[in-house]
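Trainee: Handing you this structure, nothing more for now.
The numbers here are math on the coordinates, done by the rules we state, and not lab data. Just so it is clear, the model here is predicted, and its values are computed rather than measured. Ideal geometry is used to build each Cβ from the backbone, glycine not excepted, and the neighbour counts take in all protein chains shown.
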């Protein structure tokens, strides 16, 4: 059953951006119910929101009801999350003072759902001590705020006060709607992406990893309440919402140092990065010029990060990945014992729909007791859920 967001829209120039918020949430299968203040209707027609949300838009407390129930109470109970975007200084002040004099504020007063507020106003209004006091008071009561951005405002002032990016608001909303406490209090380190081993200032050795699997796992762990540190090689991906810290690295040595420095305090290490096994023994300080004869590079072994952490392991849960082209099960089982893993996620990258650069994966999850769970093709997002479920199962059994 789809979750429900009640969206409050107030009378600011940024009201038009709320249309995009509704559209984006609907594409995520969210049921959106819009309440507008009368001032908001001066900027955007209720019909626009009604068309986008496919739900009746409420404005006037005293208009004839469309259902038998008391509308503001019904919407207050229906909401899984209450989002106000944009939120004016006037509305923030009303909520802080407990004023309920229109449909939006009365519904807010009656809801027990989490409330997320995205302010948008003139810089001086936002920085006004009264507005800041109201925000702090509401945060202390458990209200959530999405900080406005900086830039040129409608009044031509430059400063903080712009409504946060729609992407940020939608990401925040989806995170709040779906988060749990299953991994609350756990510190999780996730590695993702490739490493880059320099040959000279221009050339390097790397691999085909895009980081999609690791980023999906990091987001899922954060969604379940964990404090997540993402150690990532170069990718084209945006750091997922909810990640506590993202450490950007290039070489395998960089990744080793980042993982090592975070491992002692970690409860869980999920090592999904594709780390180079070899690197150039000598890095040229200048570009290697093309010559008539062949070029020979001498390579040396890189640090085995997973094996090193396995040797340091105390009570941590360690999850490894194995991307293979031959002897998948045999190679993966060997890594479990050698690297002291709790389980390993193994895939044959030659299979269609598996491996690097795909949105999907086909894996076998192999446990320490050699139990093999063969999973069908699924999205990396779905696989990240399976992996987190298995980690939680291990925690419960300890």
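Trainee: Relative contact order, percent, of region 4-178 when contacts are C-alpha pairs under 8 Å separated by at least 6 residues? The partial results should precede the final answer.
Mentor: Numbers: 334 pairs, mean separation 39.7, N = 175.
So the answer I get is 23 percent.
Trainee: Could you tell me which of rounded, prolate or oblate describes region 64-201, using a ≥ b ≥ c as the square roots of the eigenvalues of the alpha-carbon gyration tensor, with rounded for a/c under 1.5 and, failing that, prolate when a/b is larger than b/c and oblate otherwise?
Mentor: Verdict is oblate for region 64-201.
Trainee: Between helix 166-178 and the chain, what is the angle of the helix's C-alpha long axis to the longest principal axis, kept within 0 to 90° and rounded to the nearest 10?
Mentor: 80
Trainee: Here's a follow-up. Write down the percent of antiparallel bridges among all DSSP beta bridges whose residues are both part of the chain, to the nearest 5.
Mentor: About 30 percent, rounded to the nearest 5.
Trainee: Going by a ≥ b ≥ c, the root eigenvalues of the Cα gyration tensor, does region 1-64 fall in the rounded group (a/c under 1.5), the prolate group (a/b larger than b/c) or the oblate group? Don't jump to the answer; show the numbers that get you there.
Mentor: Working: a/c = 2.16, a/b = 1.36, b/c = 1.59.
Verdict is oblate for region 1-64.
Trainee: Label region 297-398 by shape, choosing from rounded, prolate and oblate, from the square roots a ≥ b ≥ c of the eigenvalues of the Cα gyration tensor; if a/c is under 1.5 it is rounded, and otherwise prolate applies when a/b is larger than b/c, oblate when it is not.
Mentor: Details: a/c = 1.73, a/b = 1.02, b/c = 1.70.
Oblate is the answer for region 297-398, as a/c is 1.5 or above yet b/c matches or exceeds a/b.
Trainee: Send over the per residue convex hull volume for the chain, Cα only, as a whole number of Å³. Provide the component values of the computation, followed by the final result.
Mentor: Details: hull volume 79.7 nm³, N = 398.
Per-residue hull volume (Cα only) is 200 Å³.
Trainee: Here is a further query. Helix-only estimate, please: 222 nm mean residue ellipticity of the chain, summing -39500 (n - 2.57) across DSSP H runs of length 4 or more and dividing by its residues, to the nearest 500.
Mentor: On the way: 13 runs with 136 residues, N = 398.
Rounded to the nearest 500, the figure is -10000 deg cm²/dmol.
Trainee: Could you check the spin-label model distance between residue 47 and residue 394? Points 7 Å from the Cα along Cα→Cβ, value in nm.
Mentor: That separation, rounded to one decimal, is 5.9 nm.
Trainee: How far apart, in nanometres, would the label points at residue 327 and residue 198 be if each is projected 7 angstrom from Cα along the Cα-to-Cβ direction?
Mentor: Between residue 327 and residue 198, the label points sit 3.6 nm apart.
Trainee: R0 = 41 Å: FRET efficiency of residue 295 with residue 377, Cβ-based, nearest 0.05? Let's see the in-between values first.
Mentor: On the way: r = 41 Å, r/R0 = 0.99.
E between residue 295 and residue 377, to the nearest 0.05, is 0.50.
Trainee: Looking only at region 1-36, which residues have a backbone nitrogen under 17 Å from a spot 7 Å from the Cα of residue 155 in the C-beta direction?
Mentor: 11-15
Trainee: How long is the gain from residue 385 to residue 314 if the chain were fully straight, where each residue apart is worth 0.36 nm and the alpha carbon distance is subtracted? Walk me through the numbers before you get to the answer.
Mentor: On the way: separation 71, 0.36 × 71 = 25.56 nm, distance 2.51 nm.
Answer, rounded to one decimal: 23.0 nm.
Trainee: Sticking with this structure for a sec: Using a Gaussian network model of the chain whose springs link C-alpha atoms within less than 10 Å, name the residue from 79, 154, 216 with the highest mean-square fluctuation.
Mentor: Highest fluctuation of the listed residues: 154.
Trainee: Can you tell which of 384, 286, 308 shows the greatest fluctuation in a Gaussian network model of the chain with Cα springs below 10 Å?
Mentor: Ranking 384, 286, 308 by mean-square fluctuation puts 286 first.
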